[in-house]
Amino acid sequence: MSGRLVVVGGGQAAFALVAKLRALKDERPVTIVASEESLPYQRPPLSKKYLLREMTLDRLLYRPEAWYSEHDIDIRLSTTVTRIDRGSKHVALSDGSVLGYETLAFATGATPRRLPAPIGGDLAGVYVVRDFKDADLLAEEMQPGRRALVIGGGYIGLEAAAVARTCGMDVTVIEMADRILQRVASAATSAIVRGIHRSRGVDIREGMGLHRLIGDNGRVTAAELADGSTIAVDVVIVGIGIIANDALAHEAGLETANGIIVDSHGRTSDPAIFAMGDCAVLPWQGMRIRLESVQNAVDQAEAIAAILAGSSEPYDPKPWFWSDQYDVKLQIAGFGLGHDETLVRPGQREGSVSVWYFRQGKFIAVDAINDAKAYVTGKKLLEAGITPDRAKLADPDTDLKSLLA
Ligand SMILES: Cc1cc2nc3c(=O)[nH]c(=O)nc-3n(C[C@H](O)[C@H](O)[C@H](O)COP(=O)(O)OP(=O)(O)OC[C@H]3O[C@@H](n4cnc5c(N)ncnc54)[C@H](O)[C@@H]3O)c2cc1C
């Protein structure tokens, strides 16, 4: 049996790592050090059904408490790793104890960017959504007739906007870039999603920054926008991106650059230390990227578990993602980064449509809106490395399955 594996962080990647390790019959001693008070849980519902109060925390847990003891996994909740001594291979914990390791794994995730205090970021009524406590506090505020301002038109902001609108709030979304979802999706997808929100009465203002939030008695009451206009608000939801939790790794002398740099086997610049999930920067097609998704957290963690158990197979990301807004399901396969062409294909049902991405003629990703067939076909085409014939793809009468032939 090998020496102890210490996992720093208790989220999606941490759980996937230890579950896979045990599934591979690797019985080394394992300790998870998790700063949150809950057992590992899923975050995606926090801006969807959990925020709508259609789910409770126990339904978000990957496994109940008994699973950890049955699998001989020591999990320390409400405990933070505060320092790493790579020389002696020890970590210091917030409860004053010290733990030795043979292998260390960073699964520390990321921290949401907040608005600075001088522009009102510290006022009551201003929220981010990263953990279940954030979602609990925000859910309390979601009451019919109240006014919500969402700052940032990325997936989390738009999902929160959909929940707020569903709760009967008046919702405004401001996005500083020219269009919502600019960082992650094509102009065609942005237009479809914009239409979905506008048809439900959300006021989406693109190319619009925030000047400052205005408060009364410490509580937000209004927002002054970059064009000089002022809008009254009761609640502000800030969805302006996340910052990888790499400070501990940096202090320990590991290579970092907006995340912990790893190789294709998930190893950091110290071969005894791995990093995975939102905190890791990995090599991909000659670039260094950080992927913020369940797919990456799980697949990278499982690849690292296999490596610990003796495999030499590198991690090759096969990105997929989803977002739920109202009754609309957006599913994405592939990675549209650097696309130079898109093709919009209407689906079979009303409201279903897909956007296909190409780079230098090669098919690289699909966004499927209420169109599971397009998603599944796109995923299979990507796996097989097939670029579909454009004319056939554009023809709504083409059976998508035939593109796989
Ligand atoms: C609201 C929301 C909605 C999302 N929706 C989707 C979606 O629809 N689809 C999708 O694919 N992805 C979605 N994501 C992203 C997805 O949840 C993340 O990519 C995933 O959780 C990353 O897993 P992780 O283990 O790397 O980090 P996390 O799950 O964030 O876990 C990291 C944990 O480590 C802890 N930690 C940090 N530092 C320390 C330390 N020093 N000591 C101990 N513990 C520490 C943190 O407190 C945290 O609990 C969503 C995320 C959020 C927040």
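I'd like the residue in the range 257-266 that is under 20 Å from the mean Cα position of the chain (by Cα) and assigned to a loop (DSSP other than H, G, I, E, B) and, out of all such residues, is nearest to the ligand (Cβ to nearest atom).
Restricting to residues being under 20 Å from the mean Cα position of the chain (by Cα) and assigned to a loop (DSSP other than H, G, I, E, B), the top hit is Gly259.
May I ask you to list the residues in the range 18-41 that are farther than 17 Å from Glu70 by Cβ and touching a residue at least 60 places away in the same chain (Cβ under 8 Å)?
Scanning the range 18-41 gives Val33, Glu36, Ser38, Tyr41.
Kindly establish whether Lys318 is open to solvent by 40 Å² or more (accessible area, probe 1.4 Å) and either within 16 Å of Tyr357 (Cβ to Cβ) or modelled with pLDDT under 95 (or both).
Yes: the conditions hold for Lys318.
So that you can scan it fast, the table gives a plain yes or no per residue for (1) modelled with pLDDT of 95 or more; (2) assigned to a strand (DSSP E or B); (3) open to solvent by 10 Å² or more (accessible area, probe 1.4 Å):
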site	(1), (2), (3)
Ile196	yes, no, yes
Arg205	yes, yes, yes
His211	yes, yes, yes
Val220	yes, yes, no
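Specify which of the listed residues (Ser78, Ser47) is of a type in the set (Ser, Thr, Tyr), surrounded by fewer than 20 Cβ atoms within 10 Å (Cβ to Cβ) and in the same structural domain as Asp278 (by TED's automatic domain parsing).
When all the criteria are applied, what remains is Ser78.
Within the range 222-256, restricting attention to residues that are within 14 Å of the ligand (Cβ to nearest atom) and part of a loop (DSSP other than H, G, I, E, B), which residue is surrounded by the fewest Cβ atoms within 10 Å (Cβ to Cβ)?
Filtering first and then ranking leaves Gly241.
Consider Gly338 against the criteria (1) surrounded by fewer than 21 Cβ atoms within 10 Å (Cβ to Cβ); (2) modelled with pLDDT of 95 or more; (3) not assigned by TED's automatic domain parsing to the domain that holds Glu27: it satisfies all of them except one. Which criterion is unmet?
Exception for Gly338: condition (2).
Taking the range 257-269, which residues are under 22 Å from Ile32 (Cβ atoms) and open to solvent by 20 Å² or more (accessible area, probe 1.4 Å)?
Result: His265, Arg267.
Find the residue count for the range 341-371, including only residues that are open to solvent by less than 60 Å² (accessible area, probe 1.4 Å) and modelled with pLDDT of 95 or more.
20
Inspect all residues belonging to the range 63-73 and state whether any of them is within 13 Å of the ligand (Cβ to nearest atom) and either assigned to a strand (DSSP E or B) or not assigned by TED's automatic domain parsing to the domain that holds Arg165 (or both).
The answer is no, given that none of the residues of the range 63-73 is within 13 Å of the ligand (Cβ to nearest atom) and either assigned to a strand (DSSP E or B) or not assigned by TED's automatic domain parsing to the domain that holds Arg165 (or both).
The values are calculated or read from the model by the stated rules, or taken from the named source; none is laboratory data. Because the structure is predicted, anything quoted here is derived from the model rather than measured. All Cβ positions, even for glycine, are placed from backbone atoms using ideal geometry, and neighbour counts span all protein chains on display. What goes into the accessible areas is simple: the full protein's heavy atoms, side chains included, and nothing from ligands, DNA or RNA. Shrake-Rupley method; radii C 1.70, N 1.55, O 1.52, S 1.80 Å.
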